[in-house]
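Novice: Next up is a structure, given as structure tokens.
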Amino acid sequence: MTAQVLPFQSRFVTVAGYRMHYVDEGTGPVVLLLHGNPTWCFLYRNVIRELRDSFRLIAPDFLGCGLSDRTPGVQFKAVDRINQLVEFVEALGLSKFSMVMHDWGGPLGTGFMLRKLECVERVIYLNTTLTETESLPPIIKLAAMPVVGKFLTRHTPTFVSLTTSMGAFKKLTPDVVEGYHAPYTTRQRREAIWDFVDDIPFDASHPTYSQMVEIAAGLPKIAEKPVKIIWGLRDPCFHREMLSKVAAHFPKAELLEISDASHLVLDDAPQIAIPAIKEFLSRPTETVIAPPAPSREEGSIHVIYDQVMRLAEERPTLSAVISPRWVRDPITGSALHYAHTTYAELAKLVNQYQRGLAHEGLAPGDRVLMLVQPGADFLALSVAIAGRGATPVFVDPGIGLERLSRCIEDAAPHAFIGSPKAQILRYVKRSLFNRIKFYVTAADWAFSRGQSLGHFKRFANAMLAPIPLPVLQSEQGVHASNAALIAFTSGATGVPKGVVITNEMLAAQLRTIRDVLGQSVGTRDLTLLPIFSLFNVALGVTTVFPSMPAGKPLALDPAQVVKLVHDLDIESSFGSPTLWNKIGEYTFRTGATLPTLKRIFMAGAAVPDATIKRVKGVVPNAVISTPYGATEVLPVTFITDRELEATSWARATTGEQGTLVGKPVPGIEVRVIKSSLEALKSMADCRVLPCGEIGEIIVSGPTCSPEYFNRPEANRVGKIQDGERFWHRMGDLGYLDDSGNLYYCGRKAHSVYTAERAFHSVPLEEIFNTLPKVKRSALVGVRGGREPAIIIEPLPEFWPDTPQKEESFRRELRALAELSPLTASITQFFFHRSFPVDSRHNAKIYREQLGEWAEKLLVGDQAA
């Protein structure tokens, strides 16, 4: 048998009165190789063959196993086998050695090491368990039941057959299968297989339980040694939960996870595992060190990653995410269930996803396109990417295929993580994904090629040392180190642009949201704009994600919002004025109130006074705030509903009443300059306007993005250099009053200029929005942009469905226009059933599309 199967000389030594078989090959530092159950030293044949030129490799067979003596009528417990290992090593005169352990060789070898700790140099664990018996799968617990277990392990070779089939990810060759079976061909030779299984301490009544407790107490001593863990992730027995638990015992350990390997990791991936073993054992002792612990003093570590991991340590039981899920109820048919993900659980997911992403080849500086449904996985993936020093890229999925394609082309991502639905993009727009290194389906199963989150969850959840973000240099000459993420604008005034958000900018935004907006640890926030959950998770604010289709925020069910707020005692919420107007209308109709809400933030477009009043009526204890800002700089100004009421609003010198958006937040400086369509190289090219004059808004401060990604022309036009700092051109028009308050008058691109005057969108539209029949209005330019026109979206019940009603409605609009010198010259009015709006806020009107539509109507009328 030995000559046929084992390609090494067999040796024997007497231990406990029996002959213990072992292999002793090579010269050099001693390495002790311990097998588990139901294998034998044959497991290490490839390791011995590859390493014997550099090491002395000693692989014993436990008594009753392999080629060692059988012990009929004698059943050894764990403590007996540990004593036998001590006797074996002393018989060979070994004083210094390293350990490699697999399966049950792990706990036995660990117990042995605690007896010979001064002799141990390095430690390697391969797919094993130490004190995690409660996590063993049902098949092992079934095998431990006397009747079934003896049949599987002793009376038949089933247990060995399962090991060589289910325990291998790649089919073993017949000679290898024969090798594993060779010592266990008869019932008498399989006695020890049952003995091992019968010795598993599943509860405190088991005689070996005390030995397991002793091992657990000694693990911190082993952790001081250089430890490496090598794990086949396809192992159905020692699964991912056990990997995480084993790794948790050794915070400084190196961890090698092999995705396409199972329990017999040395057979499935010898080309990976064996070189890793050799490299680890070959290092000089002084250089075998653990990866450095994350340093919170390094400014280049992603600020969101750093904050999340800190919170996981300090507030592990705090809920990071709450996700509502409908579950089947036997009585009502369905019920709303709330799934809580704590910071400790989120950190474990982050660690697993980091390891999975690194395994796929994610490198520092890589850009990762994220089209993932809001939820715990969205946050865990974003933080995991950040932890690897890579850059997550966020695009609104509802902006339309062509705009989305342009965004992907600009971002030039190295990896793509998307929902199963988003993966269809890879086939619809193949050319956009030519440079992608890998794909991940954000679900427990993979879509076509690529990996899944289910696969990533096989990896250990032990913490990894974070990788610093790479340093960039802005095209504007401004130092833009530590780019943390890229977020694309909504594209309401053109093609969406990728905004580079630096680590420093992100840190400043977090301080502002905490100190000015008042979002603090423990607050529960209903997040109606998913990307804001990244701020929440870094601040210790619990994010509640409502059920809302991606890219279709107006599909939000207001009844669900009311239930979430009541059930979860939600204190704050950030959403667009359109969404909050919908919620306000619902609560007004149903008589519901939201008394737990303390803070509501409405942004994304100018907030009508009517919307504030409607929402205020149903949130009696809340302060409503309307911060002003943009993706490029957030926030710029801040004001509450109480301040809006207490402030005496100022008009522009030309008579327009802009929307009051408040004073700049700390650290931000705002100026209004004479509007220009040209690039402005420096502040010397700008004329700063006095209070009251409408002009272009520019902003400077730590929350300003230094550049757009891959858009040199937009950078040239959008930034103004000012010595060591720069100003961002908001693309908006407005004016300042004597108290430093800013008033918003609309987008620069939305103004219409005639020979007589300038028409600005927000002040003019507010005049027409006062008409009870009007839902909203939009200023556009017609006849080549030379003439102002107003397009009306009536409330559904006032839609003019006959020529007579349409003419009557126009007369009302003309009469209203004549009351103000700002609108008296407007004579063109159009009616549109539903304005095209941005997918992010459902509030920013695509006026360019409306202008083209109105122009076509005029041309049609002239032709007729």
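The values are calculated or read from the model by the stated rules, or taken from the named source; none is laboratory data. Note that the coordinates shown come from a computational prediction; the quantities given were computed from them, not determined experimentally. With ideal geometry, Cβ positions are generated from the backbone for all residues, glycine too; neighbour counts draw on all protein chains shown. When the accessible area is computed, the model is the full protein with side chains, heavy atoms only, and any ligands, DNA or RNA have been set aside. Shrake-Rupley method; radii C 1.70, N 1.55, O 1.52, S 1.80 Å.
Novice: Averaged per residue, what accessible surface does the chain expose to a 1.4 Å probe, in Å²?
Specialist: Roughly 40 Å² per residue, with all protein chains present.
Novice: If you don't mind, there's one more thing I want to ask. Percent antiparallel among DSSP beta bridges with both residues in the chain, to the nearest 5?
Specialist: 50
Novice: Could you rank the peptides 749-760, 626-637 by their average count of other C-beta atoms within 10 Å per residue, with the highest value first?
Specialist: 626-637, 749-760
Novice: Moving on. Name the residue from PRO397, GLN451, ALA376 whose Cα lies farthest towards the positive end of the charge dipole of region 374-468, charges +1 on Cβ of Lys and Arg and -1 on Cβ of Asp and Glu.
Specialist: Projecting each Cα onto the dipole axis, the largest value belongs to GLN451.
Novice: So, by mean Cβ neighbours within 10 angstrom, what's the order for 188-200, 10-22 with the highest one leading?
Specialist: Per-residue Cβ counts within 10 Å, averaged per peptide and sorted highest first, yield 188-200, 10-22.
Novice: Another one. How much net charge surrounds PHE588 when only the other residues with a Cβ under 14 Å from the Cβ of PHE588 are counted, with Lys and Arg +1 and Asp and Glu -1?
Specialist: Combined, the nearby Lys, Arg, Asp and Glu give +4.
Novice: Nearest 0.05, what FRET efficiency do ARG49 and VAL147 give at R0 = 45 Å with Cβ-Cβ as r?
Specialist: Computed FRET efficiency for ARG49 and VAL147: 0.65.
Novice: Any chance you could run the full-extension gain for SER808 through GLU178? It's 0.36 nm times the residue separation minus the Cα-Cα distance, nm to one decimal.
Specialist: Taking 0.36 nm per residue and subtracting the Cα distance, the gain is 217.5 nm.
Novice: Under the rule a/c < 1.5 gives rounded, and otherwise a/b versus b/c splits prolate from oblate, where does region 31-72 land using the Cα gyration tensor?
Specialist: prolate
Novice: I need the calculated FRET efficiency for the pair SER739 and GLU645, taking r as the beta carbon distance and R₀ as 22 Å, to the nearest 0.05.
Specialist: In this case the efficiency is close to 0.90.
Novice: Semi-axes of the equivalent ellipsoid of region 77-123: what are they in whole Å, largest first, if each equals the square root of 5 times a C-alpha gyration tensor eigenvalue?
Specialist: They are 16, 13, 8 Å, listed from largest to smallest.
Novice: While we're looking at this one, here's another question. Once you have the Cα-Cα distance between GLU279 and TYR338, take 0.36 nm times their residue separation minus that, and quote the gain in nm to one decimal.
Specialist: Full extension from GLU279 to TYR338 adds 16.5 nm.
Novice: Turning to a different aspect of this structure: When the dipole is taken about the Cα centre of region 512-599, and only Lys, Arg (+1) and Asp, Glu (-1) are charged at their Cβ, what size is it in debye, to the nearest 20?
Specialist: 120
Novice: Quick one: what Rg and Dmax do you get for region 629-685 from the alpha carbons, in Å?
Specialist: 14.3, 40
Novice: Right, another one. Give the share of C-alpha pairs in each 10 angstrom bin for region 182-233, from 0 to the last occupied bin, in whole percents, shortest bins first.
Specialist: 19, 27, 36, 18, 1
Novice: Could you please state how large a percent of the accessible area of the chain is carbon and sulfur, counting protein chains only and using a 1.4 Å probe?
Specialist: Carbon and sulfur together cover 54 percent of it.
Novice: Related question: In debye, nearest 20: dipole of region 400-557 around its Cα centre with unit charges on the Cβ of K, R (+) and D, E (-)?
Specialist: Charge dipole of region 400-557: 580 debye, to the nearest 20.
Novice: How large is the convex hull of the Cα atoms of region 708-764 per residue, expressed in Å³ as a whole number?
Specialist: Spelled out: Cα convex hull of region 708-764, divided by residues, is 150 Å³.
Novice: So, one more: Provide the net charge surrounding ILE436, with neighbours chosen by a C-beta distance below 14 Å and charges set as Lys +1, Arg +1, Asp -1, Glu -1.
Specialist: Result for the local shell: +4.
Novice: Return an integer: the convex hull volume of the alpha-carbon atoms of region 301-410, in Å³ per residue.
Specialist: 135
Novice: Something else about it: Give the angle, between 0 and 90 degrees and rounded to the nearest 10, that separates the Cα long axis of helix 209-223 from the longest principal axis of the Cα atoms of the chain.
Specialist: 70
Novice: While we're on this one: When a/c is below 1.5 the answer is rounded, else prolate if a/b is larger than b/c, else oblate, so apply that to region 393-468 with a ≥ b ≥ c taken from the square roots of the Cα gyration tensor eigenvalues.
Specialist: Since a/c reaches 1.5 and a/b is larger than b/c, the shape of region 393-468 is classed as prolate.
Novice: Another question about this same structure. How much of the DSSP bridge set in region 1-159 is antiparallel, in percent, rounded to the nearest 5?
Specialist: 40
Novice: Follow-up. Where does the chain land at 222 nm, in deg cm²/dmol rounded to the nearest 500, when only DSSP H runs of n ≥ 4 count, each adding -39500 (n - 2.57), divided by all residues?
Specialist: -9500 deg cm²/dmol
Novice: If every alpha-carbon in region 525-593 counts as one equal scatterer, what log10 I(q)/I(0) does Debye give at q = 0.21 1/Å?
Specialist: -0.90
Novice: What ranking do 178-185, 795-802 get when scored by the average of other Cβ atoms within 10 Å per residue, highest first?
Specialist: Ranking the peptides 178-185, 795-802 by packing returns 178-185, 795-802.
Novice: What percentage of all Cα-Cα pairs in the chain are separated by more than 39 Å?
Specialist: Across the chain, Cα pairs with separations above 39 Å total 51 percent.
Novice: Let me ask something else. Determine the shape class of region 126-253: with a ≥ b ≥ c the square roots of the Cα gyration tensor eigenvalues, call it rounded for a/c under 1.5, and otherwise prolate if a/b is greater than b/c, oblate otherwise.
Specialist: oblate
Novice: Summing Lys, Arg as +1 and Asp, Glu as -1, what charge do residues with Cβ under 13 Å from the Cβ of ASP268 carry, ASP268 excluded?
Specialist: With Lys, Arg at +1 and Asp, Glu at -1, the net is -1.
Novice: Project the alpha carbons of region 712-833 onto their principal axes and report the range along each, largest first, in whole Å.
Specialist: Here the Cα extents, ordered largest to smallest, are 62, 36, 31 Å.
Novice: While we're looking at this one, here's another question. Using only the Cα atoms of region 634-724, what do you get for the radius of gyration and for Dmax, in Å?
Specialist: 15.1, 45
Novice: Could you compute how much accessible surface ILE140 exposes when probed at 1.4 Å, giving the result in Å² to the nearest 10?
Specialist: 20
Novice: Quote to one decimal, in nm, the extra length available between LYS437 and ALA465 on full extension: 0.36 nm per residue of separation minus the C-alpha distance between them.
Specialist: 7.8 nm is the gain from fully extending LYS437 to ALA465.
Novice: Now a separate question. Starting from the exponent 0.38 and prefactor 2.2 Å, build the expected Rg for region 529-638 from its residue count and divide its actual Cα Rg by it.
Specialist: 1.02
Novice: Have a look at ALA273, TRP853, PHE42 and report the one farthest towards the positive end of the charge dipole of the chain, computed about the Cα centre with Cβ charges (Lys/Arg +1, Asp/Glu -1).
Specialist: Selected residue: PHE42.
Novice: Can you list the equivalent-ellipsoid semi-axes of region 14-171, largest first and in whole Å, using the square root of 5 times each Cα gyration tensor eigenvalue?
Specialist: Working through the eigenvalues yields semi-axes of 26, 18, 16 Å.
Novice: Tell me, what is the FRET efficiency for VAL859 and ALA824 to the nearest 0.05, using R0 = 22 angstrom and their Cβ-Cβ distance as r?
Specialist: My answer for the efficiency is 0.25.
Novice: Can you tell me the convex hull volume per residue for region 1-103, based on C-alpha atoms, in Å³ to the nearest whole number?
Specialist: Cα-based convex hull of region 1-103, divided per residue, equals 98 Å³.
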